[in-house]
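Inspection log for the structure reproduced underneath, given as structure tokens.
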Amino acid sequence: QVQLVESGGGLVQAGGSLRLSCAASGLIFRINAMGWYRQAPGNERELVASITRGSTTNYAYADSVKGRFTISRDSAKNAVYLQMNSLKPEDTAVYYCNADVVVGPSTANYWGQGTQVTVSS
């Protein structure tokens, strides 16, 4: 069983910053891509940022967060982070961690339980 646990959400004023963390635990051989998604009330879940693992690390960001958010990972700790700067009220959502985890001979996709980020105007 693999678990992803997020932390770092909260209430912040517009223009402020938050850093989200996600740690994976369980029977993990390797974690390939990791990412952050968010879902606001009434909206579909959307990709915020993703990061791959390998000799070349690839990053992807939603257009709405480019230049403000930075994703990073610590593969030794099976962790991924999201530094969020210059937050806007429209960034308010539940943020979910996602990971492609290699467990034995197979790969499975896992989600965290989500952490609330609220940005006040």
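No value in this document is a laboratory result; all are computed from the given coordinates. Bear in mind the structure is a predicted one, so any value in this text is a computation, not a measurement. Note that we place each Cβ from the backbone using ideal geometry, even for glycine, and neighbour counts take in every protein chain shown.
What net charge is computed for the residues neighbouring A33, neighbours being all others with C-beta under 9 Å from the C-beta of A33, Lys and Arg scored +1, Asp and Glu -1?
Values: positive: R53; negative: D100.
So the environment of A33 carries a net charge of 0.
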- Note on the structure: Lys and Arg at +1, Asp and Glu at -1: neighbours of V94 with Cβ under 11 Å from its Cβ sum to +1
